[in-house]
Amino acid sequence: MPESSNIAPAASSSRRRRLVGGELERCIYCQGTSIRREGKREKKHETVQLWYCRDCDRVFTPQRAKGKTYPLKIVLESLMSYYRGETREETAKKIEERFGIRVPSRTLSNWIAEYRPLTTYARLRQECGRLFRPNRQIRSVRLHHQQTYEYRIHQGKLAAILGKPEHEKFRSVERYLFDMATACPHSLFQSDSRASQGRTTFDIDTVEIKSKHNHACRLTDCVLQTVTSNKRRHDEVQRFMLTTDSATVAVEVPIYLTSEDLRVLRESPRLSVPIESDVTLTGHIDVLQIRHGAVHILDYKPNARSEKPIAQLMVYALALSRRTDLRLFDFVCAWFDEHHYFEFYPLHVVRKRGPRPERTE
């Protein structure tokens, strides 16, 4: 997806005003699906769609951030510009050029302070600013793999995170990310052999799946309040996480698992990998994070509670393990939306469980 947003400038009455909340699937209060449009509300810089829920009898807007003179979209875009390394003055200038809305430096400073708990990248901004200029912080490559993917790497954050002793062992992840930016085997991604379509029989009955509501959920909830099209959900969530959190180092990461990789994995005396495929399996990791001494593979799934993409995430983990020569022990997999975050350890899914040794007196 391109970087440009579908928000329309609102500096002039002759320009089309942006309609916030034009698409919605569920009530923000009860999560019911029996909703209908209920008129519009005119604000200073935008028009907000109102909705009525038949289940809980409430009229609401998708935006839960109240009392904002400026559209929440402007707030988040300003924060992303600032955390890419721009000064407050440069940020204000870019926002006015792009959206036709003037944001005073003092207002931007208030936003930075207000959203500090959400934008954990703030503690890395100065260090990353010494390593890369603002236009070099994020490296972006457009991949045409049957559909278009915006593969992005946060170069400053990656360098800062891998500079810590607990994460030095993940240098091979850095090499892989940059290899995919310059020498991705694009031909492998032109077939229909997607990771989510591989035949698998994983035994997950004994695998612990932890459910929580964490920082990824809070970020997603904030971003989705500004999304005017469901088609934009993935890209907007990924952009904001990559720019403003302290752990996301890349998004839409291309991965592949060859039939030879699968043969080696199936022959491992320590693993039980029940994936059958005579072709290369491919995919794109939504969000890749490095934190707490592990590589985290995240998949954004709207309505995550009804999903269980274990097989898809396992292919991602096995593929990245093979490509980086890291142990499966070093990976954590998860899928999430604005309400739930489900996490599991891929090693626990494929680790062979032999008979327990007999107890000796």
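Readers should treat all values here as calculations from the given coordinates under stated rules, not as data from a laboratory. Here the structure is a predicted model, which is why all the values come from computation and not from measurement. Counting neighbours? That spans all protein chains shown, and the Cβs are built from the backbone with ideal geometry, glycine included.
Computed FRET efficiency, Cβ-Cβ of residue 34 and residue 231, R0 25 Å: what is it to the nearest 0.05? It would help to have the intermediate numbers written out before the result.
Working: r = 23 Å, r/R0 = 0.93.
Efficiency computed from Cβ-Cβ geometry: 0.60.
Report the semi-axes of the equivalent ellipsoid for the stretch 180-286 in whole Å, largest first, where each axis is √(5λ) for an eigenvalue λ of the Cα gyration tensor.
Working: eigenvalues 188, 81, 35 Å².
Semi-axis lengths for the stretch 180-286 are 31, 20, 13 Å.
Report, to the nearest 10°, how far helix 105-114 tilts away from the longest principal axis of the Cα atoms in the chain, using its own Cα long axis and a range of 0 to 90°.
40
Could you tell me which of the pairs 73/93; 231/308; 164/352; 73/231; 210/301; 169/212 are separated by over 24 angstrom between their Cα atoms in the structure shown? Don't skip to the end; give the middle numbers.
Details: 73/93 16 Å; 231/308 21 Å; 164/352 33 Å; 73/231 16 Å; 210/301 16 Å; 169/212 28 Å.
Beyond 24 Å: 164/352; 169/212.
For a Förster distance of 41 Å, can you work out the FRET efficiency between the beta-carbons of residue 169 and residue 96, rounded to the nearest 0.05?
Working: r = 45 Å, r/R0 = 1.09.
That gives a FRET efficiency of 0.35.
For the stretch 133-350, what does the convex hull of the Cα positions come to per residue, in cubic angstrom?
On the way: hull volume 27.2 nm³, N = 218.
In the stretch 133-350, the Cα convex hull volume per residue is 125 Å³.
At q = 0.23 Å⁻¹, what is the base-10 log of I(q)/I(0) for the stretch 19-125 according to the Debye formula with one equal point scatterer per Cα and no solvent? Please give it to two decimals.
Scattering profile of the stretch 19-125, log10 relative to I(0): -1.13.
If the rule is a partner Cβ under 4.7 Å, which cysteines in the chain fail it?
For the chain, the answer is 128, 184, 217, 222, 333, because their Cβ atoms have no other cysteine Cβ under 4.7 Å.
Mean-square fluctuation check for the chain, GNM, Cα pairs under 10 Å: which of 153, 101, 28 is largest?
Between 153, 101, 28, it is 28 that shows the largest mean-square fluctuation.
Quick one: length gained pulling residue 109 to residue 307 fully straight, 0.36 nm per residue minus the C-alpha distance? Walk me through the numbers before you get to the answer.
Details: separation 198, 0.36 × 198 = 71.28 nm, distance 3.94 nm.
Residue separation times 0.36 nm, minus the Cα-Cα distance, leaves 67.3 nm.
Work out, step by step, the length gained on full extension between residue 212 and residue 54: first 0.36 nm times the residue separation, then minus their alpha carbon distance; give nm to one decimal. Could you put the intermediate results ahead of the total?
Values: separation 158, 0.36 × 158 = 56.88 nm, distance 2.91 nm.
This chain segment gains 54.0 nm when fully extended.
Each residue of the stretch 250-263 in order: what ³J(HN,Hα) in whole Hz does its phi give by Karplus 6.51 cos²θ - 1.76 cosθ + 1.60, θ = phi - 60°, with x for Gly and Pro?
Working through the residues one at a time gives 6, 9, 6, 6, x, 9, 8, 10, 7, 5, 5, 4, 5, 4 Hz.
So if we plug the beta-carbon distance of residue 190 and residue 23 into 1/(1 + (r/R0)^6) with R0 = 41 Å, what FRET efficiency do we get, rounded to 0.05? List each step's numbers first, then the result.
Details: r = 31 Å, r/R0 = 0.76.
That gives a FRET efficiency of 0.85.
So for the stretch 77-225, what percent of the C-alpha to C-alpha distances run longer than 20 Å?
Working: 7386 of 11026 pairs.
Cα-Cα pairs of the stretch 77-225 separated by over 20 Å account for 67 percent.
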